[in-house]
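See below for the structure under consideration.
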Amino acid sequence: MSPATLEIKTSTGYITLGVLDPAGFKVGGVTPIANGGTGQTTIAEAIAALLPSQSGNADKALVTNGTSLLWSAITTSSFTKYTFAGGAGTGSTRTHTWTKPSSGSTALVFIWGGGGAGAADNGEGGGGGAGSNCGFGLFPLTDLNNTETITLGQGGQATATDQDAESGTNSTFGSHLTSYGGIGGNDDNGKVALGSTPFGQGHLETLNNTQLYRADDFQYTIFSGGNGGQQRDAGDGPKVGGNAFFGGAGGGSCDASGNRAGAGGTSIMGGNGGAANAGTVNGEDGAIPGGGGGGAEDATPGNGGNGECWVIIL
């Protein structure tokens, strides 16, 4: 017989134990798992017989707990983002209710207050409004309530009145986070509206008119708002709004030359600042979220950008 077989004689005949094939020995019959086999005759069925049951475990991966093998859900990088803007309410605030989802483990929260409005100094030029800072929090979902009230600040509302401009109002995420509104621009005296920081609202600061005011001066942290452009006298030249990373950028300023005005600052994640305009052209509004409004000379400055909130669930 070719190939040769290994057999054992019984009282009723012969039982084949295996095939003595030159390419490899093959066991005859099916060997149970308890006896060192798989109890199956195909590769796929043999593997399935050795693994934990696959029934009801679709899209899971095989892991070990140090003692035995088991199926486990595959970790993915998916997330859910909730964006809140506008909303109910009147005046300087808007409200929303966020409901904690049933899935996920961690919440990343970004929140901005309202940006400051630009100022008008009739016949002389006006300063830009400052940007709001970005409040940031990383929370286990178990630390948050089933619902949280989100209050969004409104950007400062500009007027053509010869006075310091209106500041933006604060935003809050429950009792966990506060983002401070940007300070309104200055109408004279060479002051700068400093961008708000995560530690409190900014303020007006007097700088020497001959001092070079860079867009990144007074950038306290990457979450701070940008400064408003400094109000300037005729011939001193306008100033651009301060840039920001996460916070809103500041609005630009103009001088009394009638044709010179600074651009608004830019922000990576927050709203850009509005550009100033000289003469009788209105200043531009700051962008949402939290950008400062641009200044004006003999017109209406730009409003500050309203606040906004993002809740990202991982």
Q) Looking only at residues in segment 110-140 that are open to solvent by 10 Å² or more (accessible area, probe 1.4 Å) and more than 21 Å from Gly200 (Cα to Cα), which one is modelled with the lowest pLDDT? A) Gly123
Q: Considering each residue of segment 192-209, count those that are at pLDDT 85 or above and open to solvent by 10 Å² or more (accessible area, probe 1.4 Å), and give that number.
A: 6
Q.
Need a quick list: strands (runs of 3 or more DSSP E) entirely within segment 14-94 having at least 1 residues that are over 30 Å from Leu152 (Cβ atoms) and modelled with pLDDT of 75 or more.
A. 60-64, 69-73
(Q) Show me the strands (runs of 3 or more DSSP E) entirely contained within segment 103-170 in which 2 or more residues are under 23 Å from Thr90 (Cβ atoms) and in contact with a strand residue (DSSP E or B) (Cβ under 6 Å, 6 or more places away or on another chain). (A) 106-112, 147-153
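For segment 71-84, name all the residues that are crowded, with 16+ Cβ neighbours inside 10 Å and within 14 Å of Asn306 (Cα to Cα). Please lay out each step first, then the result.
Going through segment 71-84, the residues crowded, with 16+ Cβ neighbours inside 10 Å turn out to be 71, 82, 84.
Hit for segment 71-84 is Phe84, nothing else.
The values are calculated or read from the model by the stated rules, or taken from the named source; none is laboratory data. Values in this document were obtained by computation on a predicted structure and should not be read as measured data. Note: ideal-geometry Cβ built from the backbone for every residue, glycine included; neighbour counts use all protein chains shown. Heads up: the accessible areas ignore ligands, DNA and RNA and are worked out on the full protein's heavy atoms, side chains in. Shrake-Rupley method; radii C 1.70, N 1.55, O 1.52, S 1.80 Å.
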